[in-house]
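What follows is a single structure, written as structure tokens, with notes after it.
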Amino acid sequence: MTGVIYHDLFGRHLEGYNHVESPERYKAVIEKLRGCSFSESIRFIESIPAERKWIEAIHERSYVDSILSLKPDSYFLLDAGDTVATADTVQAALYSAGAGILGARMVLEGELSNAFSTGRPPGHHAEKNRAMGFCLFNNIAITASYLLNEGGLKRVAIIDWDVHHGNGTENSFIDDSRVLYISIHQYPHYPGSGHADIRGKGKGTGYNLNLPVSSGSDDSEYLSLFSERVIPALEDYAPEFILISAGFDAHINDPLSGVRLSSGAYREMTLMIREAADEYAEGKIVSFLEGGYNTGALAESVEQHVLALITDTTGSQHGFR
Ligand SMILES: [Zn+2]
């Protein structure tokens, strides 16, 4: 069974504030998943807050204090100006980080075969000591750390297909061979990191794979990169669990990128990752909503992604009538 993890707080972060990372994104996603033809095959699970110890496995204690002590009664700029907090933001961030951990725990315990977190705020730009790029806590890095430390796993792969490079995630595990980080992203583009030469440091050397693409890239380039680079890297690594930073801002209709993916590309990429997960990780996948700023394209792409998570590996779909 595929789980979709939700919470009303994800639709309240930045409520009333005019921001591209809007509550409407969450509402469009959850409405699409609840109304789609395969919604009966989804188990909808309400999120819980992350325990502080799991957040502090990635973020500095003083930074976590600074976020948890925010009491914005209006709008509060957290960094150079693009990351904002409103009244519900701190709670939303705790539940967004908790969503990944909850999904991972349920997958480890066999209650779910895989899961998708609809959490907002997103996470992959958040650094250990600062908010950045609409992100407060690095949800996917926190879950990877949970899998290593609580789940006892030794090899976790993170695939980041958000159109922006996940600088915070890369830095979290740059010297750690227990996490293989693979990112496909438009380059050059925000946040500026993600050069192909960055392959890791120390014990992490060789466990960081940046695959930069040009503005104008399309489905065929992404799917070729998947079959020629991403999947072989997964085969070499043999991960015990796969996490996906699933941003949908590489879509052709997205306002924040020049990449030109169709909604169907997200289905194809998900199916390729699922094959590798079935081979090495007993199918275990948790994916995380990151970017995606055209709400219609976002909802349609998420539907394709979740459909591919549900599709069983024999090619038919569970629960279809
Ligand atoms: Zn993005």
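The values are calculated or read from the model by the stated rules, or taken from the named source; none is laboratory data. Fair warning: this is a prediction, and the values are worked out from it, not measured in the lab. For neighbour counting, all protein chains shown are included, and Cβ atoms are generated from backbone atoms with ideal geometry for every residue, glycine included.
In segment 210-225, how many are of a type in the set (Ser, Thr, Tyr) and either within 16 Å of the ligand (Cβ to nearest atom) or part of a loop (DSSP other than H, G, I, E, B) (or both)? I'd like the intermediate steps shown before the answer.
Our first condition is that a residue be of a type in the set (Ser, Thr, Tyr); within segment 210-225, this holds for 214-215, 217, 220, 222, 224.
Still in the list and also either within 16 Å of the ligand (Cβ to nearest atom) or part of a loop (DSSP other than H, G, I, E, B) (or both): 214-215, 217, 222.
Going through segment 210-225 one residue at a time, the tally reaches 4.
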Quick one: which residue in 235, 268, 228 is of a type in the set (D, E, K, R), closer than 21 Å to residue 311 by Cα and part of a helix (DSSP H, G or I)?
-> 268
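Within the bounds of segment 191-209, is there any residue that is touching a residue at least 60 places away in the same chain (Cβ under 8 Å) and within 16 Å of the ligand (Cβ to nearest atom)?
Narrowing segment 191-209 to residues touching a residue at least 60 places away in the same chain (Cβ under 8 Å): 191.
Those left that are additionally within 16 Å of the ligand (Cβ to nearest atom): 191.
Scanning segment 191-209 turns up at least one residue that is touching a residue at least 60 places away in the same chain (Cβ under 8 Å) and within 16 Å of the ligand (Cβ to nearest atom).
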So which of 247, 258 ends up being crowded, with 18+ Cβ neighbours inside 10 Å and either touching a Pro at 6+ places or on another chain (Cβ under 9 Å) or in contact (Cβ under 8 Å) with a residue 40 or more places away in the chain (or both)?
-> 247
Given the conditions (1) farther than 23 Å from residue 212 by Cβ; (2) assigned to a helix (DSSP H, G or I), report the number of the one that residue 283 does not fulfil.
-> (2)
Taking into account only those residues within segment 100-127 that are in contact (Cβ under 8 Å) with a residue 60 or more places away in the chain, within 16 Å of the ligand (Cβ to nearest atom) and over 11 Å from residue 47 (Cα atoms), which is surrounded by the most Cβ atoms within 10 Å (Cβ to Cβ)?
-> 126
Run down 242, 184 and say which single residue is closer than 21 Å to residue 305 by Cα, in a strand (DSSP E or B) and more than 16 Å from the ligand (Cβ to nearest atom).
-> 242
Those residues that are within 15 Å of the ligand (Cβ to nearest atom) and of a type in the set (Phe, Trp, Tyr), I need them from segment 245-281; list them, please.
-> 248, 266
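Can you tell me which residue in segment 282-298 is farthest from residue 117 (Cα to Cα), limited to those that are in contact (Cβ under 8 Å) with a residue 60 or more places away in the chain and surrounded by fewer than 24 Cβ atoms within 10 Å (Cβ to Cβ)? If you could, list the steps in order and put the result at the bottom.
Looking only at segment 282-298, we keep the residues that are in contact (Cβ under 8 Å) with a residue 60 or more places away in the chain, and these are 283-293, 295-296, 298.
This time we only want the ones that are surrounded by fewer than 24 Cβ atoms within 10 Å (Cβ to Cβ), so: 283, 293, 295-296.
Details: 283: 17, 293: 17, 295: 17, 296: 18 Å.
Among them, the one singled out is 296.
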Does residue 165 satisfy the condition of being in contact with a strand residue (DSSP E or B) (Cβ under 8 Å, 6 or more places away or on another chain), buried (at least 24 other Cβ atoms within 10 Å of the Cβ) and over 24 Å from residue 57 (Cα atoms)?
-> no
For residues in segment 128-162 being within 16 Å of the ligand (Cβ to nearest atom) and not in a loop (DSSP other than H, G, I, E, B), which is surrounded by the fewest Cβ atoms within 10 Å (Cβ to Cβ)?
-> 132
Please give the number of the condition residue 220 fails out of (1) surrounded by fewer than 23 Cβ atoms within 10 Å (Cβ to Cβ); (2) farther than 20 Å from residue 305 by Cα.
-> (2)
Look at residue 278 and say whether it is more than 26 Å from residue 95 (Cα to Cα), charged (D, E, K, R) and in a helix (DSSP H, G or I).
-> yes
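Looking only at residues in segment 163-181 that are outside any loop (DSSP other than H, G, I, E, B) and over 24 Å from residue 265 (Cβ atoms), which one is farthest from the ligand (Cβ to nearest atom)?
Initially, segment 163-181 is screened for residues outside any loop (DSSP other than H, G, I, E, B), giving 167-172, 179-181.
Of the ones still in play, those that are also over 24 Å from residue 265 (Cβ atoms) are 168, 171-172, 179.
Details: 168: 12, 171: 16, 172: 17, 179: 20 Å.
Among residues in segment 163-181 that are outside any loop (DSSP other than H, G, I, E, B) and over 24 Å from residue 265 (Cβ atoms), the one farthest from the ligand (Cβ to nearest atom) is 179.
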Need at least 2 residues that are closer than 23 Å to residue 241 by Cα and modelled with pLDDT of 95 or more per element, so show me which helices (runs of 4 or more DSSP H) inside segment 1-120 make the cut, counting only ones lying wholly within it.
-> 52-55, 89-108
